[in-house]
């Protein structure tokens, strides 16, 4: 519950004004509805009485009929304003909420980022946040408006008709409606959570099916996965049907409550007339107002049926963040004469691993030097690069950039000076230029074109629109080698002082590899480069080679 | 009374097609709803009778005792009327609930069918389909996995409200206003006339709103897909984004998309809210006119419009309680209008996706018994268009046990050839013969049962390594295959070993380690034909040799080995080379 409460407070904090106004208008809509019907009933009955009694000349027709018109138009206007305000405010707040969730995802530890499955995070940012739109629109606002209106109605009916009628109508709705709605919330909890969970599984499964379809087809798993998805769909729809049944039952209960309350108002009012306590017009007022007040409870069943789903979604959205060290804000001064990068006495072990990957590891990368790390697969070359880029933290030892510990550099500064090109860089859907634009705040087509030429990619792209060549999801549309080169071009645009390259020419033929490496060197003549490699072309271009 | 709609024929036809199997159930639900709506006039008559009786008695005043005339309303009569009103109200609620249940069940079936169809279509999409600027640059973006998932999860459910609300509202619109006018006419022709004049204004207005609503819904649908597409790519690239300090840019990109979706959604809602406000206004004005007429008639100021001796109080109350019900179905229809618009926009989406010429896989991708013949491969005049480029392949005859290196510069069609051989895309011209039969819809699954793939791009399913290694569930011990692929220590290093789960692109493994696992998977499958795409690309010479040796060991056991590669050592080890000429690409 507390997560839902937090979300509500966040939404209210973001949109206080609009929500307050919306709440006032919600009450106005309900109150005007009751007043409109009550006044109309009273007016007709009173006119009829006056006509029968022959006192039509003293009966004031104009004020009540003006009131009816005012209430009718005012109610319409209030409803329009209320809907617009509350929806606008809620949707705005949800955009902020999505950004909050994405920003938190982006701050996650690097290892968690690497292991992140896109679909799962997508579910949190899209589905969970979407599930929360009902919190204000279908739960809190209608509930508050309903309670206020019923309380007001009790007072007004007590005054204008008879205290008994006021008590019967307000009490009837509060008690009958309240009971029916509490049942909805209770019964709807499990199916609403089940439906949402199954839908999220369906989303995840669809994404995995499409992304992994090459393997799924070859290994004959496609139909199995389709069946898994059919099962998720089946479960989601079964839960949705259960939820619909619960809601319909509540609708039946609320409809009956409304009929009983209105009938009670009619009978009680009629009885009071028969006993000469009130007039028929007042009785009509009571009955018609009672009829209209059904609105105070009828709009709530959807919101309450969704309550369970909202709670789970809120817990996902508001999940507590793991504590992070305070990031430095002040840039340290590079130590004069210090090497570009130095690794001193590093130790690194994977959790649960018996043997550490690195133990007492030292390395110095001089200014402008190209240094290659060689060694068989799995000896920790990538680990050294990830440590040097600050993606992993060493168990012991210190890493310095320009003589200053890595942890002392503010993130923006560190990334401006040091760039790692990992083994599996990711591309995004969009044009080649869109991908290159990720590297720099101000995209510059000329620089981008130069970078593409430097990695010998220009010719390959020329026939496909050059920088405007469109890529599919995750950069599909390029061959493995082209992907690799585009990622290197992106790194060139960062213009780093220190460049860390993990198997930079993987997937390239020998000639292309040599051209790419020469292009890199020409494009970044001053950069100090540390590369993990075992290819002859890469080792040949290094000033120094260290075996791991 | 039918509502004129914009000429959106094809989307409407598609929507009709979707609901056709459930048409009877949907109509039955609508009929039940109609029955529920017909109860209100009875309730109105009861209320009119009570109020008229009470008023008559009050006007007759204290003279009951003197005249000996019994009062029209006794306490018992009042209570009886109250009970009757409550029972009728409960009956109405029950009928409505029953109707809603019928409608929901039917709409749910429609949703199930359409969802199944979308998923089945996704499963049949060719492997190179999303790589296709050639197959339509715009469609490449539209068909991202996240956009497709959004269609399945977020957009298809838009069908349900359209079917449960719009259809029944249309039936009520066709029946209820006529019924109300017929009930009112015997009481007062003026009221009937007011209703008849005010009524048609509404459909006129709706026709105007209709077009705008559909367009707005369409934009919203597109934006839902776009936001999902943008997000999934950024989420998969978060490490790169951190390394390039692109976090702020990514957030602002996403903020722009999320904001655009909000604006599109609000545009849809604004039209919906405005149209229902305007309709409410019409209804309010119509009812107010009726009320004014009834009020003045009752006072005796107006003496026309009713038949005979003027309007009585009971008749006035009855007419006034019916007037809003004349407008209610019209308002319901207006409220359901944007549901309908959303469903039409969705139908348009579906229609466009179905009409699109997306490359298809051959067969179902299901487990099937292997084709009986020896796994001979024959290619004749095969060509295919990928990324807008036409690639023609040389004719091939590959006997079982052949070892073939496919070489050539990047982009020449090496991966495409492997996809063709695996039936992951279809040849446009020519024939591929496998195991003595044509590779087609019927034979593809059986052919693939003898196949294993070592892909270039790594995508690990969210499953335990043991399952990843043995996707067909053969249940064999992976130890030997792991050893042959030089991957035994890879698994040993993973936390949890064979039970570990890997990241989507193999996080937790180096590129070489991931590759060795995939080779192990191919060896473990006992395939008669192994297709490998750059299997040694990111391996050091020692590991590359180990992998090559692993693949060759499968070949020595009789398997055909077809390898796309740049690695000259691997080419040499395989012995036979097919060099794809660049000029074949047009």
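Among the residues making up segment A:235-284, those that are more than 8 Å from chain B (Cβ to nearest Cβ) and under 30 Å from the mean Cα position of the chain (by Cα) are A:235, A:236, A:238, A:239, A:242, A:243, A:246, A:247. Reported count of residues in segment A:211-233, each being more than 26 Å from the chain's Cα centre (by Cα) and within 7 Å of chain B (Cβ to nearest Cβ), is 12. Helices (runs of 4 or more DSSP H) fully within segment A:217-315 that include at least 3 residues being buried (at least 23 other Cβ atoms within 10 Å of the Cβ) and at pLDDT below 90: none found.
Would you be able to say whether some residue in segment B:512-533 is at pLDDT below 85 and at the interface with another protein chain (Cβ under 7 Å from one of its Cβ atoms)? The answer is yes, given that some residue of segment B:512-533 is at pLDDT below 85 and at the interface with another protein chain (Cβ under 7 Å from one of its Cβ atoms).
Go through A:46, A:66, A:89, A:50 for me and flag whichever is in contact (Cβ under 8 Å) with a residue 12 or more places away in the chain and within 27 Å of residue B:317 (Cα to Cα).
Just one listed residue meets the conditions, A:46.
Scanning segment B:459-479 for residues that are free of Cβ contacts under 8 Å to residues at least 40 places away in the same chain and not in a loop (DSSP other than H, G, I, E, B) returns B:464, B:466, B:467, B:479. Per the listing B:184, B:190, B:175, B:179, the residue uniquely crowded, with 21+ Cβ neighbours inside 10 Å and in contact (Cβ under 8 Å) with a residue 24 or more places away in the chain is B:184.
Does residue A:69 meet the test of being touching a helix residue (DSSP H, G or I) at 6+ places or on another chain (Cβ under 7 Å), facing chain B (nearest Cβ under 7 Å) and under 22 Å from residue B:249 (Cβ atoms)?
Values: touching a helix residue (DSSP H, G or I) at 6+ places or on another chain (Cβ under 7 Å): yes; facing chain B (nearest Cβ under 7 Å): yes; under 22 Å from residue B:249 (Cβ atoms): no.
Answer is no for this residue.
Suppose we filter segment B:384-427 for residues that are in a loop (DSSP other than H, G, I, E, B) and either modelled with pLDDT under 90 or within 14 Å of another protein chain (Cβ to nearest Cβ) (or both); how many remain? So that I can check it myself, show each step before the final result.
Looking only at segment B:384-427, we keep the residues that are in a loop (DSSP other than H, G, I, E, B), and these are B:387-388, B:393-395, B:399-402, B:408-413, B:422-427.
Cutting the leftovers down to either modelled with pLDDT under 90 or within 14 Å of another protein chain (Cβ to nearest Cβ) (or both) gives us B:387-388, B:408-413, B:422-426.
Residues in segment B:384-427 being in a loop (DSSP other than H, G, I, E, B) and either modelled with pLDDT under 90 or within 14 Å of another protein chain (Cβ to nearest Cβ) (or both): 13 in total.
The one condition from (1) within 23 Å of residue B:207 (Cα to Cα); (2) more than 7 Å from every other protein chain (Cβ to nearest Cβ); (3) at pLDDT below 90; (4) touching a helix residue (DSSP H, G or I) at 6+ places or on another chain (Cβ under 6 Å) that residue B:277 does not meet is (2). Scanning segment B:98-152 for residues that are outside any loop (DSSP other than H, G, I, E, B), facing another protein chain (nearest Cβ under 7 Å) and at pLDDT below 80 yields B:130, B:131, B:137, B:140, B:141.
Against the test of being out of contact with any strand residue (DSSP E or B) (no Cβ under 9 Å at 6 or more places or on another chain), assigned to a loop (DSSP other than H, G, I, E, B) and closer than 30 Å to residue A:527 by Cβ, the options A:319, A:327 yield a single qualifying residue, A:327. Residue A:101 fulfils the conditions (1) assigned to a helix (DSSP H, G or I); (2) more than 29 Å from residue A:293 (Cβ to Cβ); (3) free of Cβ contacts under 8 Å to residues at least 12 places away in the same chain; (4) more than 7 Å from chain B (Cβ to nearest Cβ) except for a single criterion, (3). The single residue among B:384, B:406 that is without any contact (Cβ under 8 Å) to a residue 60 or more places away in the chain, in contact with a helix residue (DSSP H, G or I) (Cβ under 9 Å, 6 or more places away or on another chain) and crowded, with 21+ Cβ neighbours inside 10 Å turns out to be B:384. Here residue A:1 fulfils each of the conditions (1) closer than 30 Å to residue A:136 by Cβ; (2) modelled with pLDDT of 90 or more apart from (2). Against the definition (more than 10 Å from chain A (Cβ to nearest Cβ) and surrounded by fewer than 20 Cβ atoms within 10 Å (Cβ to Cβ)), how does residue B:489 come out, yes or no? Judged against the criteria, residue B:489 is not a match.
Quick check: anything in segment A:490-499 farther than 19 Å from residue A:368 by Cα and either touching a helix residue (DSSP H, G or I) at 6+ places or on another chain (Cβ under 6 Å) or part of a loop (DSSP other than H, G, I, E, B) (or both)? Don't jump to the end; show me each part of the working.
Step one: list which residues in segment A:490-499 are farther than 19 Å from residue A:368 by Cα, which gives A:490.
Narrowing the set further to residues that are either touching a helix residue (DSSP H, G or I) at 6+ places or on another chain (Cβ under 6 Å) or part of a loop (DSSP other than H, G, I, E, B) (or both) leaves A:490.
Yes, segment A:490-499 contains at least one residue that is farther than 19 Å from residue A:368 by Cα and either touching a helix residue (DSSP H, G or I) at 6+ places or on another chain (Cβ under 6 Å) or part of a loop (DSSP other than H, G, I, E, B) (or both).
Looking across segment B:434-475, the residues that are within 14 Å of chain A (Cβ to nearest Cβ), touching a helix residue (DSSP H, G or I) at 6+ places or on another chain (Cβ under 8 Å), surrounded by fewer than 23 Cβ atoms within 10 Å (Cβ to Cβ) and over 20 Å from residue B:501 (Cβ atoms) come down to B:456, B:474.
Looking only at residues that are more than 15 Å from residue A:485 (Cβ to Cβ) and modelled with pLDDT under 90 in segment A:439-466, which one is surrounded by the fewest Cβ atoms within 10 Å (Cβ to Cβ)? Explain how you work it out, then say what you get.
Here is the first cut: in segment A:439-466, the residues more than 15 Å from residue A:485 (Cβ to Cβ) are A:440-447, A:463, A:465.
Those left that are additionally modelled with pLDDT under 90: A:440-444, A:463, A:465.
Values: A:440: 18, A:441: 9, A:442: 6, A:443: 16, A:444: 13, A:463: 13, A:465: 15.
Per the criteria, the residue is A:442.
Does segment A:499-513 hold any residues that are surrounded by fewer than 22 Cβ atoms within 10 Å (Cβ to Cβ) and either more than 7 Å from every other protein chain (Cβ to nearest Cβ) or in contact with a strand residue (DSSP E or B) (Cβ under 6 Å, 6 or more places away or on another chain) (or both), and which are they? Those that are surrounded by fewer than 22 Cβ atoms within 10 Å (Cβ to Cβ) and either more than 7 Å from every other protein chain (Cβ to nearest Cβ) or in contact with a strand residue (DSSP E or B) (Cβ under 6 Å, 6 or more places away or on another chain) (or both): A:510, A:511. Once segment A:321-343 is narrowed to residues that are touching a helix residue (DSSP H, G or I) at 6+ places or on another chain (Cβ under 8 Å) and within 14 Å of chain B (Cβ to nearest Cβ), the residue that is modelled with the highest pLDDT is A:331.
The values are calculated or read from the model by the stated rules, or taken from the named source; none is laboratory data. Computed from a predicted model, the values in this text were never measured in an experiment. In this analysis, Cβ positions are derived from the backbone assuming ideal geometry, glycine residues included, and neighbour counts consider all displayed protein chains.
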